[in-house]
Amino acid sequence: SDKRRHIFCVPRRVAMRGRAAAKGGASSSEYYMEQENDDQIGLLAGKVSALRGIAVQIGDHVREDNKMLDGLDDRFDSAGSLLSGTMARLGKLASSKDSRHMLYLALFVVAVILLIYKLR
């Protein structure tokens with residue numbers, strides 16, 4: 001906080017010299033103060049420009065992430081509807097008394113377990 005205030009405030013010695021120089025007609029201290037102000041403005045402008053660049057990069061990254069999330073949402077929706085259809089068919093198979101359907105159900109469960117194991 002004190003350091004920031006020092007950057008933008010003129011030190012008392014310089015101000016006193018400036019007043020003395022103004023009385024004496026010399027402008028060297030005014031020139032010095034003006035040069036310091038210009039230097040500080042240049043530094044501040046550089047920092048603002050860097051922050052603007054970072055903000056633009058963050059905005060681009062957020063837009064890309066939102067597109068990716070929208071794509072994932074669509075994929076999960078389609079996978080959910082496929083899974084609910086599969087569960088409905090499995091419910092029908094489980095409720096039937098035919099032994100051949102129960103064999104298909106058991107093979108399907110084994111295949112799903114193997115697929116999950118392989119993907120892990």
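Points worth noting:
- Some residue of the range 39-46 being part of a helix (DSSP H, G or I), open to solvent by less than 70 Å² (accessible area, probe 1.4 Å) and in contact (Cβ under 8 Å) with a residue 24 or more places away in the chain: yes
Residues checked against (1) of a type in the set (K, R); (2) at pLDDT below 85:
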residue	(1), (2)
R12	yes, yes
S27	no, yes
Q35	no, no
I41	no, no
Q57	no, no
D60	no, no
D74	no, no
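The values are calculated or read from the model by the stated rules, or taken from the named source; none is laboratory data. Everything numeric in this text was worked out from a predicted model, so none of it was measured. Cβ coordinates were reconstructed from backbone atoms using ideal geometry, including for glycine residues, and neighbour counts include every protein chain displayed. Accessible surface areas use protein heavy atoms only, side chains included; no ligands, DNA or RNA. Shrake-Rupley method; radii C 1.70, N 1.55, O 1.52, S 1.80 Å.
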